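Here is the structure we will look at, set down as structure tokens.
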Amino acid sequence: MSDTSINAEMEARRVSRREFIKRVIASGAVASSASFVMGGLAGCSPRPGTVAGSVERLISLNVNGQLRRVDVLPQETLAMTLRYKLGLTGTKLSCDRAECGACTVMIEGTTYYSCSTLTHSVRNRKVTTIEGLRGPNGELHPVQQAFVDELGPQCGFCTPGQVVAAVALLQKNPRPTREEARHAMSGNLCRCGAYDNYLNAIMRAAGNTAEIHHGA
Amino acid sequence: MLRDMMPLFDLYQPDTLDNALDLADRLGPEGWLVAGGQDSWDWLKNRTRRTRAVVDLSGIAELKGVRETDGGIQIGALTTLTDVQDDPLVRERYGLLATAAGRVASPQIRNAGTLGGNLCQDTRCWYYRGGVDCYRAGGNMCYADTPEGQNREHAVFGASRCVAVTPSDTANALTALDASMVIRSKGGERVVPAARFFVGPDVNIQRMTVIEPGEILTAVRIPGTWAKSAFYFEKVADRAAWDFALLSLSVALKMEGETIRDARLVCGAAACVPWRLEAAESAIIGKTRNDDDIERAAVAAVEGAQPLNFNGFKIPLLSNLVRRAIKGAGGAST
């Protein structure tokens, strides 16, 4: 599908680009787009004769409380699976080298870089992404609301990772000091440098208003 | 569009050590052993290395956790750095190691990265990591030790053709604590003291440790010798998170009243192996922490240091760290 026809189709259906991409992933179009995404593997993905003892490719993943069946390559990272197989594009891929934090997800309540986690290693474990933090009626998680109230994000690209890291912190330590939060959030970069806004948001979410610092 | 994938490999996920040893034996040099993967995936994504097969050790429960042994503790090699840092036994007796583990990389990397992986990781020399044909990669030159070579991070001690340094924060802490490494293979077990586990380029220019293909580091044993000593750990790096050390120093002092009865000073990122500062230790053993002897130790620590073009700063930095450490070494939690 060329760019022009995508634009025409979006125009015809009056949907946002994000929604359109999500629908494409969710629909049968995934089969053709998968070979595009995994382009480096052309010709070697359906391997002739799997080596005995090696992993099965069709696995079940527990993501945001749902059991999802998905075909996963042996070398596939969780960030790839979430974004391009399950349509959960809230998890961002930025450095793809465990050096920025944009892809942060929770596995059994602990934060990991999904770009540096093999999908096959999270079978039977509960994965929570930014999409899994919303309330039953789609309302924002209190930490997300605090991020909004404190104008946390600037460009917003690192925000899903920052929110997941903050939620994991508050689950373990509901009343962190600003310094503890700074330390806990040290695995998430923000190129806009909105660190103080994020820390203010975490202090707000934790009810620690004394440590909300609005600049001079 | 978008991101690249790692090249295809066969993935094995053994859930017992015996299965892992079978696989390591069968695959030999063709099987890449992965613990937390926080370094391994980068090598494969960057295509500076390729592998036919990966053995993912992260599901082997018997290699995780801390337990008490006769007089000391044993830490499973797959215990994450976060779990090492938070473990009550480690904190109570070996605060040095807890502090060092807590200074590795970033929280998410410590959640995935393991103690064994941190000890076995390869050097960060960027020429080597960039995939050039240097000595360490099997070639016949060192690109870091040339007139224009960028060697701010490189060795001031023990260089032999290759000038790369150990990147591990926990390696020097464990060397200071006289730890031993338990290494298993299908043929049996050997226990190697930390002082011999790490190898410099004079011993083997293509490896950082004594581990052979087919072997797996299964545990780290720490004897009671240095439990609850006065400890000090400091890591100097350009950034507070993620970054590797420009220099780090682990110190354990056994105090008897005001007198230093025994001492261990081991620095990281100064040589290819954790570098023990024996001359500095001798300068303070049997002494009190007085300025004259601390000064003697600070001078002795850098004797024989050989700076490259851009890493001369490591020499006064090491002296300063030694001064600070001896004065500052404190109780169980440093």
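To the nearest 20 debye, what is the magnitude of the charge dipole of the stretch A:55-132 about its Cα centre, counting +1 on the Cβ of each Lys and Arg and -1 on the Cβ of each Asp and Glu?
Using Cβ point charges on Lys, Arg, Asp and Glu, the stretch A:55-132 gives about 160 debye.
Specify which residue in the list A:T77, A:G101, A:N64 is farthest towards the positive end of the charge dipole of the stretch A:55-132, using unit charges on the beta carbon of Lys, Arg (+1) and Asp, Glu (-1), about the Cα centre.
A:N64
Could you work out the mean count of beta carbons from other protein chains within 10 Å of each residue's beta carbon in A:122-131?
Rounded to a whole number, the mean comes out at 0.
Could you work out the Kirkwood radius for the stretch A:142-211, taking every pair of different alpha carbons, averaging 1/r and inverting it, reported in Å?
11.5 Å
Just to check I understand the Karplus step: with θ = phi - 60° and J = 6.51 cos²θ - 1.76 cosθ + 1.60, what whole-Hz values come out for the stretch A:113-118, glycine and proline as x?
7, 5, 6, 10, 10, 6
State the answer as a single residue: which of B:Q206, B:A305, B:G149 lies farthest towards the positive end of the charge dipole of chain B, with beta carbon charges of +1 for Lys and Arg and -1 for Asp and Glu, about the Cα centre.
After comparing all options, I get B:G149.
Are there GluC sites (Glu not before Pro) in the stretch B:140-239 that DSSP marks as loop and that have at most 16 other Cβ atoms within 10 Å, and which are they?
B:E148
What is the average number of partner chain Cβ atoms found within 10 Å of a Cβ in A:94-103?
Shielding by partners across A:94-103 averages 4.
Taking only Cα atoms, what is the 0 to 90° angle, nearest 10, from helix B:314-328's long axis to the longest principal axis of chain B?
60 degrees
Determine the equivalent ellipsoid of the stretch B:10-58 by diagonalising the alpha-carbon gyration tensor, then write out the semi-axes as square roots of 5 times the eigenvalues, largest first, rounded to whole Å.
19, 12, 7
Nearest 10 degrees is fine. How inclined is helix B:291-301 to the longest principal axis of chain B, computing both from alpha carbons?
Between the helix axis and the principal axis of chain B, the angle is about 30 degrees.
Quick check: Cα centre of the stretch B:253-270 to Cα centre of the stretch A:92-160, how many Å?
For the stretch B:253-270 versus the stretch A:92-160, the Cα centre distance is 43 Å.
Provide the per-residue ³J(HN,Hα) series for the stretch A:132-141, in order, calculated from phi with Karplus coefficients 6.51, -1.76, 1.60 and θ = phi - 60°, each as a whole number of Hz, with x at glycine and proline positions.
Each residue of the stretch A:132-141 in turn: x, 8, 5, x, x, 9, x, 6, 5, 5 Hz.
Determine ³J(HN,Hα), in whole Hz, for all residues of the stretch B:101-115 in sequence, where each value follows from phi through the Karplus function 6.51 cos²θ - 1.76 cosθ + 1.60 and θ = phi - 60°; x replaces Gly and Pro.
4, x, 9, 6, 6, 10, x, 5, 5, 5, 5, 9, x, 10, 4
For the stretch B:189-334, give the magnitude of the charge dipole about the Cα centre (Cβ charges: +1 Lys/Arg, -1 Asp/Glu; no others), in debye to the nearest 20.
260 debye
The numbers here are math on the coordinates, done by the rules we state, and not lab data. What you see is a predicted model; the values in this text were computed from it and never measured. FYI the Cβ positions are ideal-geometry reconstructions off the backbone, even for glycines, and counts take in every protein chain you see.
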